[in-house]
Structures are given as C-alpha cells and as structure tokens.
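*Asks:* There's a structure below that I have some questions on.
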C-alpha cells in the first residue's frame, strides 16, 4: 500500500508541475525535501540520545516492572480470557509499560512475545483471538506519556515551548485508546460467544 | 479547570520524570550515570536509522506539496472540511497517520517549517502526530509474526480509534490553543 501512496504523491506532483509547464519544480522540491529530511534526523539525535539514556535509568531501576505491577488489575480487566499466571500476561504487561515510556524498541519485541504466547492458547492458529485483538487495539492507539519525536522536531524548528503539546497529546491518546477499548469490547461481544468461540 | 490541568501536565510531565527517575534509581542503588550512557548509545543509531524513511517520505511530500498537487486534491474536500471547520493543512496528516508514521511526520515537518511550531496549525499537527500509532504497520507486524490470516475486527477498531484521535486532537487544540 505504501508503495502506491508514494508513487501517487510523486506522480501527481510531476503531472501538476507539467501542467503548469514548470517541471523544474519537481527537481527543486525533491532535493529540498531530501536535504530537510537529513537535517530533521540530525536534529532528532539530541532528544533521542537523551531520552534513551533517561529511560535506561528507569529500566535499570526496575521502574518498568513496577509499572507493570500497577497495570496488572487493568490488564486482567482488559484480557479476561488470559489466565493470571500465564506467560502471555507478563509479556502483555511489559509491552504496555514500555509503550507508556515511549520505548518502541522494547515494546515491539515484548508485544510479539505476547502474540506467540497468545497463539499457544489459540484453538485456530489462522484466526485472531479476542485477546490478540485487544492487544492490537492497545498498540495501534499508541498511548504514551511523552511524544519524543514530535518534541524533537518542534525543538528543531525553534519552538519557544516544545513541550506545550504534551497535555493535549496525552488527553487525545487517552480518548483514542478509550474508544479503541470500547469498540474492541463491542465487536468482541458481536464476534465471540462468552466462551471465546467464534459465533456462527 | 480542564484547561488548567492540561497546561499543568504539559509543564510538569517532563521535569517530573527527569527528577523522579534518577531519584528513584539512586534510592535503588543504580549507577545512574553509567546507565544513562549505556541507554543513550541507542539513541544515535535510532535517529540515523530513520534517515532513509524520512528522506523517501519528505521527497514525495515536497514534490506533492510544492507543485500544487496537494492543493488540487484538497479542494474536493473543501466543502466538507469547511462545514466542520477543520483546517485543510492537517488533513494529509490524518489520512497518512494510520498508514505510515514517517509519511505523516513529513507533513508535520512541512507545517512546522511553513507556519512555525508555535502557530495553531503547528501545535495541532504536532498533537495529531503524537496522538496515535501507525495502525497498519502494527497490525502487519503483530499478526504477521504469528501467521494470523483472519484478523477479524482489529483493523476496524484501529482505524476508528485513529479517527477518534484526530478529532480529539482538533477539539482539544481548539479549546487549549485557539485563543
């Protein structure tokens, strides 16, 4: 899909430029875009290095495990089909807390481990289970405490107050996540019966 | 009241984490400076690894925008957007956000560059970008890893949540930043 979107943007740009008889617009735009992109990534180094460092301290201090423990009641509410002491639950909790800290690099492997464990509980290995759908709902709505990349890019363009968007962003993700959870519950009850089997 | 709370969170969240994390870690006898350096090493390759993605996306976005193609397509949506008072400039971010995080980031970048990060549009674009994750990518990676073919309602839930995040960002930014 991304291939088509990329092609679509470049092609419509080229056509638009050709119609105006200004094909050189394409070249200038492309080169300028590439240059800006590298500048943005270089600008992101500072905040990423800094944030990864801080978050390693949090990891080494056991804060992720602490957070996972706090989230346990939430997780058992969200994943009623997963037994409390099943390994899947541990990975789900690690995935949730790594996401909250904005540690994408740590969250994804934990999420994939959780999927593998959930797959072991799955009677039909080709079809998603309710718990898998809930885990995906949580991960796609992207609840995180600090949007580091966005702050980094605001910093790069000389924002007087780069962190001003933390509160609004947090509230917006909480709303998106809540809606995701509610919809997940709704569709789950329409798709599965109370024992977690697909309705006919 | 809610406004004060939102602004308070914006102001206090980062400093609170910066003080609390090392404080808690020292208390737990973690060698915090060494830990910081160890973790910080990962930041550099992460930033560098984004370069190919962002160059690819920003080249396409620059061509799409600077040639007037973006304006051309947006005019078809104008009546709908004007009816809901949604700023046109952020629409591509909303459309691309679930498909490609870097793609929407490229549009955020162009808004911050053109209008400035502290303009209303700049803050709105930043909030939309941060408010949700790349639904299609997450679904592909997670279900792909365990070979699930029937994903049932997962995509539907993800996309509705993305729309909710987009609309919530716009409403919240209007309340918090518009005056």
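*Asks:* Is at least one residue of the stretch A:105-122 facing chain B (nearest Cβ under 8 Å), within 26 Å of residue B:28 (Cβ to Cβ), assigned to a helix (DSSP H, G or I) and in contact with a helix residue (DSSP H, G or I) (Cβ under 8 Å, 6 or more places away or on another chain)?
*Replies:* Taking every residue of the stretch A:105-122 in turn, at least one turns out to be facing chain B (nearest Cβ under 8 Å), within 26 Å of residue B:28 (Cβ to Cβ), assigned to a helix (DSSP H, G or I) and in contact with a helix residue (DSSP H, G or I) (Cβ under 8 Å, 6 or more places away or on another chain).
*Asks:* Checking residue B:130 against (1) farther than 30 Å from residue A:198 by Cβ; (2) surrounded by fewer than 24 Cβ atoms within 10 Å (Cβ to Cβ), only one condition comes out false. Which one?
*Replies:* Only one criterion is unmet by residue B:130, namely (2).
*Asks:* Confirm whether residue A:2 is within 21 Å of the chain's Cα centre (by Cα), more than 28 Å from residue B:21 (Cα to Cα), facing chain B (nearest Cβ under 9 Å) and at pLDDT below 95.
*Replies:* yes
*Asks:* Same structure, new question: Taking residue B:116 and the conditions (1) more than 17 Å from residue B:57 (Cα to Cα); (2) within 8 Å of another protein chain (Cβ to nearest Cβ); (3) buried (at least 24 other Cβ atoms within 10 Å of the Cβ), which numbered condition does it fall short on, given that it satisfies the others?
*Replies:* Among (1) more than 17 Å from residue B:57 (Cα to Cα); (2) within 8 Å of another protein chain (Cβ to nearest Cβ); (3) buried (at least 24 other Cβ atoms within 10 Å of the Cβ), residue B:116 violates only (3).
*Asks:* Can you tell me which residue is surrounded by the fewest Cβ atoms within 10 Å (Cβ to Cβ) among those in the stretch A:160-200 that are assigned to a loop (DSSP other than H, G, I, E, B) and touching a helix residue (DSSP H, G or I) at 6+ places or on another chain (Cβ under 7 Å)?
*Replies:* Only one residue tops the list, namely A:199.
*Asks:* Of the residues A:42, A:57, only one is at pLDDT 95 or above and either on the phi < 0 side of the Ramachandran plot or part of a helix (DSSP H, G or I) (or both); which?
*Replies:* After applying the criteria, what remains is A:57.
*Asks:* Tell me the residue from B:127, B:132 that is within 7 Å of chain A (Cβ to nearest Cβ), touching a helix residue (DSSP H, G or I) at 6+ places or on another chain (Cβ under 6 Å), outside any helix (DSSP H, G or I) and under 22 Å from residue A:175 (Cα atoms), please.
*Replies:* Among B:127, B:132, only B:132 is within 7 Å of chain A (Cβ to nearest Cβ), touching a helix residue (DSSP H, G or I) at 6+ places or on another chain (Cβ under 6 Å), outside any helix (DSSP H, G or I) and under 22 Å from residue A:175 (Cα atoms).
*Asks:* Same structure again: Taking the criterion of being in a helix (DSSP H, G or I), surrounded by fewer than 20 Cβ atoms within 10 Å (Cβ to Cβ) and free of Cβ contacts under 8 Å to residues at least 12 places away in the same chain, would at least one residue in the stretch A:92-101 satisfy it?
*Replies:* no
*Asks:* Also, I was wondering about something else. Restricting attention to the stretch B:80-101, report how many residues are touching a residue at least 24 places away in the same chain (Cβ under 8 Å) and within 9 Å of another protein chain (Cβ to nearest Cβ).
*Replies:* Of the residues in the stretch B:80-101, 4 are touching a residue at least 24 places away in the same chain (Cβ under 8 Å) and within 9 Å of another protein chain (Cβ to nearest Cβ).
*Asks:* Among helices (runs of 4 or more DSSP H) lying entirely in the stretch B:1-78, which contain 2 or more residues that are more than 7 Å from chain A (Cβ to nearest Cβ) and over 22 Å from the mean Cα position of the chain (by Cα)?
*Replies:* Ranges flagged: B:2-27, B:32-40.
*Asks:* Is it the case that some residue within the stretch B:146-161 is more than 18 Å from residue A:5 (Cα to Cα), in contact (Cβ under 8 Å) with a residue 60 or more places away in the chain and touching a helix residue (DSSP H, G or I) at 6+ places or on another chain (Cβ under 7 Å)?
*Replies:* Yes; the residues of the stretch B:146-161 include at least one that is more than 18 Å from residue A:5 (Cα to Cα), in contact (Cβ under 8 Å) with a residue 60 or more places away in the chain and touching a helix residue (DSSP H, G or I) at 6+ places or on another chain (Cβ under 7 Å).
*Asks:* Every residue in the stretch A:106-128 that is over 18 Å from residue B:133 (Cβ atoms) and surrounded by fewer than 22 Cβ atoms within 10 Å (Cβ to Cβ), please.
*Replies:* A:113, A:116, A:117, A:119, A:120, A:121, A:122, A:123, A:124, A:125, A:126, A:127, listed by residue number.
*Asks:* On the basis of being closer than 26 Å to residue B:139 by Cβ and surrounded by fewer than 19 Cβ atoms within 10 Å (Cβ to Cβ), does residue B:26 make the cut?
*Replies:* Judged against the criteria, residue B:26 is not a match.
*Asks:* Search the stretch A:21-49 for residues being at the interface with another protein chain (Cβ under 7 Å from one of its Cβ atoms) and farther than 15 Å from residue B:50 by Cβ, and hand back the single one that is surrounded by the most Cβ atoms within 10 Å (Cβ to Cβ).
*Replies:* Here the answer is A:29.
*Asks:* Right, another one. Test residue A:67 against the stated conditions and say whether it is more than 7 Å from chain B (Cβ to nearest Cβ), touching a residue at least 24 places away in the same chain (Cβ under 8 Å) and within 25 Å of residue B:41 (Cα to Cα).
*Replies:* yes
*Asks:* Here is a further query. Filter the stretch B:157-171 down to the residues that are surrounded by fewer than 23 Cβ atoms within 10 Å (Cβ to Cβ) and more than 7 Å from every other protein chain (Cβ to nearest Cβ), then identify the one that is nearest to residue A:186 (Cα to Cα).
*Replies:* Only one residue tops the list, namely B:159.
*Asks:* Give the number of residues within the stretch B:145-179 that are over 12 Å from residue A:136 (Cα atoms) and part of a helix (DSSP H, G or I).
*Replies:* Residues in the stretch B:145-179 being over 12 Å from residue A:136 (Cα atoms) and part of a helix (DSSP H, G or I): 19 in total.
*Asks:* Something else now. Among (1) over 20 Å from residue B:103 (Cβ atoms); (2) more than 7 Å from chain A (Cβ to nearest Cβ), which single condition is residue B:140 missing?
*Replies:* (1)
The values are calculated or read from the model by the stated rules, or taken from the named source; none is laboratory data. Here the structure is a predicted model, which is why all the values come from computation and not from measurement. Cβ atoms come from the backbone with ideal geometry, glycine included; neighbour counts cover every protein chain shown.
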